[in-house]
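**Student:** Quick one: this structure, given as structure tokens, is what I'll be asking you about.
The values are calculated or read from the model by the stated rules, or taken from the named source; none is laboratory data. Keep in mind that this is a model prediction, so the values were computed, not measured. Cβ: placed from backbone, ideal geometry, glycine included. Neighbour counts: every protein chain shown. We work out accessible area using only protein heavy atoms, side chains counted, and drop any ligands, DNA or RNA first. Shrake-Rupley method; radii C 1.70, N 1.55, O 1.52, S 1.80 Å.
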Amino acid sequence: VAAPVAAEPEVATPEAAEPEVATPEAAEAPTPTDDPDDSVTIVGKAEDLAQVGGSAYVVGEAALEAFEYDDIHRVLDRVPGVAVRDEDGFGLRPNIGLRGVNSERSQKIALLEDGTLVAPAPYAAPAAYYFPQTTRMRAVEVFKGPASLEYGPNTIGGAVNLVTRDIPRKPLGEIDLAAGEFGFSKAHAWAGLTSGRWGLLAEGVRLSSTGFKQLDGGGDTGFIRQEAVLKGRWQSDPTADVYQRVDVKLSYASEGSNETYMGLSRADFERTPYRRYAASSEGRMDWTRWSGSVSHLVELGEGFRLKTVAYHHTLDRAWRKFNRFGPVGIETDPGAGSAIDAHRLLRADAGGQAAVYRRILSGEVDTAEVADGPADAVGAQDLMIGTNDRSLFSQGVESRASLDLSHGAVTQSLRAGLRLHRDGIERRHDESAYWMTSGRPTRRRDVPRLITRTNDDTALALAGHIADDVGLFDRVFIKPGVRVEWVHTRREDTTPRLEPFTAENSTLAVLPGASVFWQATDWLGVLGGVHRGFSPVAPGQPDGIDPETSTNYEGGLRLNLPWLKAEAIGYFTDYRNIVGNCTFSAGCDDTAAGEQFNGGEAWVYGVEAVVGARLGLPAQLDLSADLTYTYTHSEFRTDFSSSFPQWGQVRAGDQMPYLPQHQLFAGLGLSHPRFGVDVGARYTGEMRDEAGQGALAAAERIPDRVVVDLGARWHLTADDQLYGRVTNLLDEAYLVSLRPFGARPGRPRQVVVGYKHAFGG
């Protein structure tokens, strides 16, 4: 729970001065294209950030434009306490974890856009297969610790809020065009205006690439992503005693990507890291998302504010991909062969039959027909390729109120919120048998398509919170608070191979927390906090599965000087029960996908440190330097056995997978009114592929790496700008994951150049 920080900035009026956008390094002046007063933020304004009783970090618009990133992973590389796991090299499906929570599909953190839940189904199926396009964001806010109680349902790690462009006060717009290696192209345009009491903004983005991986036999390995957003506004007279505003937001997004879950064997990765096996040629993800929201804001004088938003999102997605080899008990003839673990097959480089299976994946060897049995028998060497077809929805109504009760030297702001939410997912999964023939997968017409999973999951949640921000003599800021979550889930399973069943469960959680910030001197502050963390149980779980719960502690120091800002925060997460969520991307098959597993007690603790300096130089030059460091230690405190592939057989003392112990970001920038150059380097320590302790075996080790990016921009005129970006400047071929099937690379060096033209103003 943070010290007094406005949940939303004050309402803009035509006469109001525009405040600065908060960043931990320094306050960044807003561009004339935006109105920060009207944007929805969590962290608040620059003057509030220094008094947050916890870790709050904002990547502002200037920092986003320094590298013109279109990958949220690279944006978050500079944020302490964040661990990301790359997957496809472009950040199409982000894996984000905060303070040690599992990064798998970002499902253990609260994901928000303009303060509203944005995950496809945050309760019933929180895996974030949709993520808004980073290139249209004007700020990315990350906060951890007790403040997350206000933005559940997942309150252990924290929240990421994506702040979009607001309706400008006067006619403004911009066109942004870029092109680069791997067939990359970007077209981004927006325009908006306010006339009297009405405002309008339209924005569209299209990103595409032919991909940087080389598919055996040839083929496109890239993607096309599109988003369009329309915002409308009506507001009453800003000078009236009662101010009201109505905002409408409509959006459409789609993606078509030739993506796969398949990686390479370790030996093949060392030789040709950007290769893709022939067996992955059928990989294809298609999704479409529609979203709409209506919000109403009312202010009574300067003391009371109430905002209510109603929202509805839908996502339809279908991902066709290689699932596994041969029968594992879900075919018409379960005894027709033996299961082959594709993950372990590619993680190790054993010979014998293992080598034969790897050569089938690469197309060097054809599938062998079953020697005995019927002609339509599915053999152990058959490729099972299927489509995970899912439809998701998320809808709800949320109200947030704040009341100013300040008097004299005591400032007080009482905040409360209530949200009624419903979401759900329909799963329709299938598989078909293929033979590898002459280097290409060929569909077996003699084997019928198999339906492997059909279920409908829904969740209904009622959540409320109340928090009191109290400031004493502008020196001590105290914030107690509590969140209450009631969640009811239901699953109807009609999978053909199983007996139909219906399962329901309910959970009630009371989550208290408190934080304190003491301004010890004009330049030094001390902070601390404690809160109860919670993640709900997914639909359809057996009675023995418990919610994920923890007690979280943090404390630290904050230094705030005109030219230097620094922060060091230590945290300790004491899990009463840590829960594993089985997903395809984690390595689970269709028989276990969606299941949860109790992990018992666990500890995660570490240190987050930030240092940012700004120095004015002659000739209108400014030099900036930023350094962030994260140390993370994790360990399970109990022995248990789990079918969750990343855990398996766990012993007390085992460390968690895909969680580097050391992470470091160093940035250096030189800016001038006419140009700017920025360099950023990210060090990520080695990681485990599975839970374990002691020395890392070579087969399960993801090595440490250093990746350097370069960004530059040149203002031709006040309205025209050229920019460039080089990602992975040193062209390091680095391993990011062994999940779910084999070694997967990060993006190689890529050069992108672009042009922006602003109009209006």
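**Student:** Which distance in nm do the two modelled labels at Thr507 and Gln693 give, with both placed 7 Å along the Cα-to-Cβ direction?
**Tutor:** Between Thr507 and Gln693, the simple spin-label model gives 2.8 nm.
**Student:** For the chain, what is the charge dipole size about the Cα centre, in debye to the nearest 20, if Lys and Arg each add +1 at the Cβ and Asp and Glu each add -1 at the Cβ?
**Tutor:** 740 debye
**Student:** Let me ask another. Asp349: net charge of surrounding residues, Cβ under 14 Å, Lys/Arg +1, Asp/Glu -1, itself excluded?
**Tutor:** +4
**Student:** How compact and how long is region 267-306, expressed as Rg and Dmax of its alpha-carbon atoms in Å?
**Tutor:** Taking only Cα atoms of region 267-306, I get Rg and Dmax of 26.0, 68 Å.
**Student:** Also, quick follow-up: Modelled label-to-label distance, Gln620 and Val246, 7 Å Cα→beta-carbon offset: nm?
**Tutor:** 4.6 nm
**Student:** Given 25 °C and 0.890 mPa s, compute D for region 143-197 with the Stokes-Einstein relation, Rh being the Kirkwood radius over Cα pairs; round to the nearest whole µm²/s.
**Tutor:** Reported coefficient: 162 µm²/s.
**Student:** Still on this structure, I have one more. Can you pull the percent of region 622-761's accessible area that's carbon plus sulfur, 1.4 Å probe, other chains left in place?
**Tutor:** Whole-percent figure for carbon plus sulfur exposure: 59.
**Student:** Rounded to the nearest 10 degrees, what's the angle between the helix 353-362 long axis and the longest principal axis of the chain, both from Cα atoms, 0 to 90?
**Tutor:** It is inclined by approximately 60 degrees.
**Student:** Would you kindly compute the Cα radius of gyration of region 190-345 and its largest Cα-Cα separation (Dmax), both in Å?
**Tutor:** Computed over the Cα atoms of region 190-345, radius of gyration and Dmax are 25.2, 77 Å.
**Student:** Under 16 Å Cα-Cα from Lys186, which lysines qualify once same-chain neighbours fewer than 8 residues away are excluded?
**Tutor:** Lys756
**Student:** Go through region 412-426 residue by residue and turn each phi into a ³J(HN,Hα) via Karplus (6.51, -1.76, 1.60, θ = phi - 60°); whole Hz please, and just put x for glycine and proline.
**Tutor:** 8, 10, 9, 10, 8, x, 9, 9, 10, 9, 9, 8, x, 9, 10
**Student:** Still on this model: Would you check the accessible area of His407, probe 1.4 Å, heavy atoms only, in square angstrom rounded to 10?
**Tutor:** It works out to around 150 Å².
**Student:** What are the semi-axes of the equivalent ellipsoid for region 601-646, taken as the square roots of 5 times the Cα gyration tensor eigenvalues, largest first, in whole Å?
**Tutor:** Those come to 45, 11, 4 Å.
**Student:** How big, in percent, is the set of alpha carbon pairs in region 178-271 lying more than 19 Å apart?
**Tutor:** Here the tail beyond 19 Å accounts for 62 percent of pairs.
**Student:** Rg(Cα) of region 423-535 divided by 2.2 N^0.38 Å?
**Tutor:** Output field value: 1.99.
**Student:** Run the numbers for Glu364 and Trp603: contour at 0.36 nm per residue of separation, minus the present Cα-Cα distance, in nm.
**Tutor:** Contour length minus Cα-Cα distance gives 81.4 nm.
**Student:** Place +1 on the Cβ of every Lys and Arg and -1 on the Cβ of every Asp and Glu in region 504-625, take the dipole about the Cα centre, and give the residue among Leu524, Ala602, Leu557 whose Cα lies farthest towards its positive end.
**Tutor:** Leu524
**Student:** Over the chain, one equal point on each Cα, no solvent: what is log10 I(q)/I(0) by the Debye formula at q = 0.05, 0.06, 0.10 Å⁻¹?
**Tutor:** With no solvent term, the Cα-only Debye profile gives -0.25, -0.36, -1.03.
**Student:** With a probe of 1.4 Å, find how much accessible area the chain has per residue, and write the answer as a whole number in Å².
**Tutor:** About 36 Å² of surface per residue is accessible.
**Student:** For region 629-671, what number results from the quotient of the Cα radius of gyration and 2.2 N^0.38 Å?
**Tutor:** Taking N as the residue count of region 629-671, the ratio is 1.77.
**Student:** Extension gain Ala354-Asp341, at 0.36 nm per residue separation less the Cα-Cα distance, in nm?
**Tutor:** Taking Ala354 through Asp341 to full extension adds about 3.7 nm, to one decimal.
**Student:** Between Leu177, Thr221, Thr210, whose Cα lies farthest towards the positive end of the dipole of region 161-232 when Lys and Arg beta carbons carry +1 and Asp and Glu beta carbons carry -1, centred on the Cα centre?
**Tutor:** Ranked along the dipole, the leading option is Leu177.
**Student:** Once you place label points 7 Å from the Cα toward the Cβ at Leu403 and Ser641, how far apart are they in nm?
**Tutor:** 5.7 nm
**Student:** If you put +1 on each Lys and Arg Cβ and -1 on each Asp and Glu Cβ, how big is the dipole of region 613-665 around its Cα centre, in Debye rounded to 20?
**Tutor:** Using only the charged Cβ atoms, the result is roughly 40 debye.
**Student:** May I ask for the net charge around Arg206, where only other residues with Cβ less than 14 Å from the Cβ of Arg206 are counted and Lys, Arg are +1 while Asp, Glu are -1?
**Tutor:** Net charge around Arg206: -2.
**Student:** List, in order, the whole-Hz ³J(HN,Hα) value for each residue of region 129-142 obtained from phi through the Karplus relation with A = 6.51, B = -1.76, C = 1.60 and θ = phi - 60°; use x for Gly and Pro.
**Tutor:** Result, ordered by residue: 6, 10, 9, x, 5, 5, 5, 9, 8, 9, 6, 10, 9, 10 Hz.
**Student:** Still on this structure, I have one more. Find how much the distance from Asp543 to Leu668 grows on full extension, using 0.36 nm per residue of separation minus their present alpha carbon separation; answer in nm with one decimal.
**Tutor:** 39.7 nm
**Student:** Give me the compactness ratio for region 345-453, meaning the Cα radius of gyration over 2.2 N^0.38 Å.
**Tutor:** For region 345-453, the normalised Cα radius of gyration comes out at 2.13.
**Student:** Something else: Straight-line reach from Lys249: which lysines fall under 16 Å, measuring Cα to Cα and dropping same-chain residues less than 8 apart?
**Tutor:** Filter leaves Lys231, Lys307.
**Student:** List the extent of the Cα atoms of region 719-760 along each of their three principal axes, largest first, rounded to whole Å.
**Tutor:** 50, 22, 8
**Student:** What number comes out for the charge environment of Val298, summing +1 per Lys or Arg and -1 per Asp or Glu over other residues with Cβ under 10 Å away?
**Tutor:** With Lys, Arg at +1 and Asp, Glu at -1, the neighbours total +2.
**Student:** On the Cα set of region 511-640, report Rg and Dmax in Å, please.
**Tutor:** Cα only, region 511-640: 20.9, 69 Å (Rg, Dmax).
**Student:** Answer with one residue from Gly54, Ala433, Ala253: the one whose Cα lies farthest towards the positive end of the charge dipole of the chain, charges on Cβ with Lys, Arg +1 and Asp, Glu -1.
**Tutor:** Ala433
**Student:** Shifting gears a bit: Mind ordering 684-693, 507-516 by average Cβ neighbours within 10 Å, highest first?
**Tutor:** Descending packing order for the listed peptides: 684-693, 507-516.
**Student:** Additional query: Taking the convex hull of the Cα atoms, report for region 111-216 its projected area averaged over all directions, in nm².
**Tutor:** Here the figure is 10.0 nm², rounded to one decimal.
**Student:** Measure off, as a whole percent, the carbon and sulfur share of the 1.4 Å-probe accessible area of region 90-140, all protein chains present.
**Tutor:** 46 percent
**Student:** Keeping all protein chains in the complex and leaving out DNA, RNA and ligands, what accessible area do you get for Trp190 with a 1.4 Å probe, in Å² to the nearest 10?
**Tutor:** 10 Å²
**Student:** Based on the Cβ-Cβ distance from Ala228 to His715, what FRET efficiency comes out when R0 is 30 Å, to the nearest 0.05?
**Tutor:** Calculated transfer efficiency: 0.60.
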